[in-house]
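Each remark here refers to the structure printed beneath this line.
The values are calculated or read from the model by the stated rules, or taken from the named source; none is laboratory data. Because the structure is predicted, anything quoted here is derived from the model rather than measured. FYI the Cβ positions are ideal-geometry reconstructions off the backbone, even for glycines, and counts take in every protein chain you see.
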Amino acid sequence: MEKIPPVKGTRDFYPDQMALRNWIVDGWRAVSQRNGFVEYDGPIFEYLQLYTQKSGDEIAGQLFSMTDRGGRDLAIRPEITPTLARMVNQQINSLARPIKWFSVPRLCRAERPQKGRLREFFQWNCDIIGSDSVYADADCIYTAIDYLRSVGLGSDDIVVKISSRAMLAELLKHLGFAQEQLDSVYALLDKRAKLPAETFIELAKDKITDEKLRDKLFAMLDKLQPEDDAIGDKLDKIIKYAPDSKHVQQLDGVFYYLGKMAVADYCEFDINIVRGLAYYTGIVFEIFDRKNTLRAICGGGRYDNLLAGLGGQQVPAIGFGMGDVVLEILLSEKNLLGHSQQELDFFVVYDDYKIFEEKGLPLINQLRKRGHSAVFDYRRGAMGKQLKQAATQKATFAVIIGQETKADGNVTVKNMAEGTQQVMKIEELPDRAEQLTGS
Ligand code: HAM
């Protein structure tokens, strides 16, 4: 029989990879909590329509979809934001605002697998629903930076590129674009940094047939290219295109608050950030490695119309998603990877299986009942081998049950790292285990 390989673009999490994944997720969870977010989750599949209606063509083209036996069209979740909007809509009147929720869903997108992009991945989501305050925008961006900073990534390693779709809309209208054209212009601009220049120009010709308008757009974008000058200067340039813009003021506010929260070094205004998803309405941002060799680590923004668009009330919202794949590549490049160690407290070693069954198995039950991990050899192997096994499994202590256990009820408890040992009555060990393991 031929061996069946794993599906391309998926990952197997053997214990080492699982320890790494858990470390990443534990970090996400801890940072969510300290920033005031509470956890939620939803189903792994939804009605297909939930994604085709509001997420936009890009996501719709990457769906793993299926039809159930009742003929209903379903899709595995490619993102959790529509589920979140659906769930909040269901209970909107009983939820205290702002709703600050986080989740770490497993997502699937039928993308072409490539460096940093798989067909199955985990994505940390933090969303703030029910506030249109610029404080919420800044707090949301701060949370993403707070995590990245906590794992050792500095402002030399990563950059948060921030813009505003609402502001871009104003600029585009000022140039002469009609409201109905905006969505296709956003989709086009989102591709700008991802496509080779010639391919992009061809696509632009296709999407914006009016040559004059197209030229005006490119002239404006060229003028607003990110430089090293201060955000204020760049916004001043923008104000010339869109005087009295409240959206420029808001963007300015976000940078001001992020400065007060001491993370301004990480942040830059970048007119090229538009985001691929259709539902964004205001501030949008993406996080990249400074060298710009990897795909985006994180992306998010304000989506004030999504809840209403899915049949709910008009409730403002902002959030982000950070995937585990690019993050892991970057942390590995920077030598910053950790892992969540699963510790083994006790390995119970024995020579006479009868004594072990009489005294050792009840001891193991007592230790486990108190929450300590305890294992033993199933093969009744030689004691030396069992001690080796204890070392291989990185047990903190080996508990030796020998002839003296039978004679006077004593066991030897050996600290494997230090090589020290102490003798105690077997009945005493469960009570002393907490002090020994420090847990
Ligand atoms: P997104 O930009 O589609 O946004 O994804 C956000 C992040 O998820 C990306 O920056 C990347 O780290 C990761 N990601 C996306 N696709 C893949 C893939 N195929 N393989 C590995 N990682 C991937 C959203 O999903 C929005 N729903 C985020 C959001 C939440 N906006 C508001 N709230």
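Show the residue pairs that are 6+ apart or on different chains and have beta-carbon atoms under 6 Å apart, the first residue being within region 9-37 and farther than 12 Å from VAL104 by Cα and touching a residue at least 40 places away in the same chain (Cβ under 8 Å), the second being away from the ligand (no atom under 15 Å from the Cβ) and part of a loop (DSSP other than H, G, I, E, B).
ALA19/HIS339; ALA19/SER340; LEU20/HIS339; TRP23/GLY338; TRP23/HIS339; TRP23/SER340
Take residues that are crowded, with 20+ Cβ neighbours inside 10 Å, of a type outside the set (S, T, N, Q) and at pLDDT 95 or above and tell me which of the strands (runs of 3 or more DSSP E) falling wholly in region 231-305 contain 2 or more.
Once the strands (runs of 3 or more DSSP E) in region 231-305 are filtered for at least 2 residues that are crowded, with 20+ Cβ neighbours inside 10 Å, of a type outside the set (S, T, N, Q) and at pLDDT 95 or above, what remains is 283-289, 298-302.
Sort out for me the strands (runs of 3 or more DSSP E) sitting completely within region 320-439 that have 3 or more residues that are farther than 30 Å from ALA85 by Cβ and of a type outside the set (Gly, Ala, Ser).
344-350, 395-401, 410-415, 421-425
Looking at region 121-145, I want the residues that are on the phi > 0 side of the Ramachandran plot and have a partner that is surrounded by fewer than 24 Cβ atoms within 10 Å (Cβ to Cβ) and part of a strand (DSSP E or B) with Cβ atoms under 7 Å, at least 6 apart or on another chain. Which pairs are those?
Taking only residues 6 or more apart or on different chains, the pairs are GLY130/ILE99.
Yes or no: PHE376 of a type outside the set (Gly, Ala, Ser), touching a Gly at 6+ places or on another chain (Cβ under 9 Å) and within 16 Å of the ligand (Cβ to nearest atom)?
Judged against the criteria, PHE376 is not a match.
Restricting to region 80-97, name every residue that is surrounded by fewer than 21 Cβ atoms within 10 Å (Cβ to Cβ) and touching a Ser or Thr at 6+ places or on another chain (Cβ under 9 Å).
The one that is surrounded by fewer than 21 Cβ atoms within 10 Å (Cβ to Cβ) and touching a Ser or Thr at 6+ places or on another chain (Cβ under 9 Å): ARG97.
Test each condition in (1) in contact (Cβ under 8 Å) with a residue 24 or more places away in the chain; (2) surrounded by 16 or more Cβ atoms within 10 Å (Cβ to Cβ) for LYS334 and report the one that comes out false.
Every listed condition holds for LYS334 apart from (2).
Among the residues of region 244-298, which ones are within 16 Å of the ligand (Cβ to nearest atom), closer than 24 Å to TYR135 by Cβ and of a type in the set (D, E, K, R)?
ASP270, ARG275, GLU286, listed by residue number.
Could you check region 382-428 and list, in sequence order, the residues that are over 21 Å from GLU358 (Cβ atoms) and of a type in the set (Ser, Thr, Tyr)?
The answer is THR392, THR396, THR420.
Which condition breaks for LYS8 when tested against (1) within 14 Å of the ligand (Cβ to nearest atom); (2) surrounded by 12 or more Cβ atoms within 10 Å (Cβ to Cβ); (3) more than 21 Å from the chain's Cα centre (by Cα)?
Going through the list (1) within 14 Å of the ligand (Cβ to nearest atom); (2) surrounded by 12 or more Cβ atoms within 10 Å (Cβ to Cβ); (3) more than 21 Å from the chain's Cα centre (by Cα), LYS8 breaks only (2).
Quick one: which of LYS216, LYS173, LYS194 is touching a helix residue (DSSP H, G or I) at 6+ places or on another chain (Cβ under 9 Å), without any contact (Cβ under 8 Å) to a residue 24 or more places away in the chain, farther than 20 Å from LEU294 by Cα and surrounded by fewer than 20 Cβ atoms within 10 Å (Cβ to Cβ)?
LYS173
Take the residues of region 309-325 that are within 13 Å of the ligand (Cβ to nearest atom) and more than 10 Å from the chain's Cα centre (by Cα): which is surrounded by the fewest Cβ atoms within 10 Å (Cβ to Cβ)?
Once the filter is applied, the top-ranked residue is PRO316.
Going by the structure shown, is GLN33 away from the ligand (no atom under 15 Å from the Cβ) and either assigned to a helix (DSSP H, G or I) or farther than 23 Å from ASN89 by Cα (or both)?
yes
When the residues of region 70-112 are filtered to those that are near the ligand (Cβ under 8 Å from one of its atoms) and in a loop (DSSP other than H, G, I, E, B), which remaining residue is modelled with the lowest pLDDT?
Only one residue tops the list, namely GLU111.
Which number in (1) near the ligand (Cβ under 10 Å from one of its atoms); (2) surrounded by 21 or more Cβ atoms within 10 Å (Cβ to Cβ); (3) outside any helix (DSSP H, G or I) marks the one condition that PHE122 misses?
Going through (1) near the ligand (Cβ under 10 Å from one of its atoms); (2) surrounded by 21 or more Cβ atoms within 10 Å (Cβ to Cβ); (3) outside any helix (DSSP H, G or I) one by one, PHE122 breaks only (2).
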